[in-house]
1. Six or more apart or on different chains, Cβ atoms under 7 Å: show the pairs whose first residue is in the stretch 102-125 and more than 17 Å from residue 176 (Cβ to Cβ) and whose second is outside any loop (DSSP other than H, G, I, E, B) and β-branched (Val, Ile, Thr).
2. Name the single residue that is surrounded by the fewest Cβ atoms within 10 Å (Cβ to Cβ) among those in the stretch 94-149 being hydroxyl-bearing (Ser, Thr, Tyr) and touching a Cys at 6+ places or on another chain (Cβ under 6 Å).
3. Residue under question is residue 71, and the condition is that it be in contact with a Phe, Trp or Tyr (Cβ under 7 Å, 6 or more places away or on another chain) and exposed (fewer than 15 other Cβ atoms within 10 Å of the Cβ); does it hold?
4. For residue 189, work out the one condition from (1) modelled with pLDDT of 85 or more; (2) under 21 Å from the mean Cα position of the chain (by Cα) it doesn't fulfil.
5. Would you point out which residue out of 114, 197, 169 is β-branched (Val, Ile, Thr), at pLDDT below 95 and either out of contact with any Ser or Thr (no Cβ under 9 Å at 6 or more places or on another chain) or in the same structural domain as residue 51 (by TED's automatic domain parsing) (or both)?
6. Condition first: more than 15 Å from residue 177 (Cα to Cα), crowded, with 22+ Cβ neighbours inside 10 Å and hydrophobic (A, V, I, L, M, F, W, C). Now tell me which residues in the stretch 74-93 satisfy that.
7. Which of the residues belonging to the stretch 53-110 are more than 25 Å from residue 125 (Cα to Cα) and part of a helix (DSSP H, G or I)?
8. Please go through the stretch 90-141 and give me each residue that is under 21 Å from the mean Cα position of the chain (by Cα) and of a type in the set (Ser, Thr, Tyr), ordered by number.
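The values are calculated or read from the model by the stated rules, or taken from the named source; none is laboratory data. The structure displayed is predicted, hence computed values, not measured ones. Cβ: placed from backbone, ideal geometry, glycine included. Neighbour counts: every protein chain shown.
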Amino acid sequence: MILDCPRCGVKHVQTARVVAVQDRDGDPSQSWQVERCQNPACTRLVLVVTASDGSVVRMWPAASYELDAELVVAPELRDDYKEAGLCLDAGCYKASLVMSRRGLQRVLKAQGCTQRNLGGDKGAIASAISKGVLRKPLHTLAEEIKEYGNLGAHPDDDQLENASKESATQVLRFLELIIEEFYVVPMTAEKLQRQRTGGPPTI
């Protein structure tokens, strides 16, 4: 069972199995099943491949990774975020980590931290911290994105086994949180202020 429908985008809508489970190509460790979205406005089918522990391995169509159309972000950031998600769903975890890292660098660049490198004492992350651009709770998230992105980018790294589905999923979520910090929260705050005052925002 999947929680978010890749067709309609509704979160936590859940699905219901509509056909019997069948082993994938004779492999008992994975199985196919078709599930139906329980959103009354959707009710479309999704093909899901699950592992023996019930975790989702693949699904068709793949989940949609689109930032809110109202967000004022660079097209390149939208593309990097979308590609990180599509790579994750395709099982290309190193590629997903690299794209999440690129997304972080684009966010920091938009905040005036234009250093070529993310890490180091003179890197974009250090600059964002010193300028107060990056709040303390986000320091660790930024470092995690950088470190895991480096795993995907450097073929001679001896920690490539850490470029897993779990790490790619977590790093993409870290990127989402940073995007929320710099784009979603300000947009939401502005909307609320408009509703409260009935006029243009003062921030």
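1. Within 7 Å, the pairs are 118/125; 119/125.
2. We begin by selecting, within the stretch 94-149, every residue hydroxyl-bearing (Ser, Thr, Tyr); these are 96, 100, 114, 127, 130, 140, 148.
Going one step further and asking which of them are touching a Cys at 6+ places or on another chain (Cβ under 6 Å), we end up with 96, 127.
Numbers: 96: 28, 127: 19.
That would be 127.
3. Working: in contact with a Phe, Trp or Tyr (Cβ under 7 Å, 6 or more places away or on another chain): yes; exposed (fewer than 15 other Cβ atoms within 10 Å of the Cβ): no.
Answer is no for this residue.
4. Of everything listed in (1) modelled with pLDDT of 85 or more; (2) under 21 Å from the mean Cα position of the chain (by Cα), residue 189 misses just condition (2).
5. Working: 114 fails: either out of contact with any Ser or Thr (no Cβ under 9 Å at 6 or more places or on another chain) or in the same structural domain as residue 51 (by TED's automatic domain parsing) (or both); 169 fails: either out of contact with any Ser or Thr (no Cβ under 9 Å at 6 or more places or on another chain) or in the same structural domain as residue 51 (by TED's automatic domain parsing) (or both).
Result: 197 is the single residue among 114, 197, 169 that is β-branched (Val, Ile, Thr), at pLDDT below 95 and either out of contact with any Ser or Thr (no Cβ under 9 Å at 6 or more places or on another chain) or in the same structural domain as residue 51 (by TED's automatic domain parsing) (or both).
6. The answer is 87, 88.
7. Residues satisfying the conditions are 86, 89.
8. Residues satisfying the conditions are 93, 96, 100, 140.
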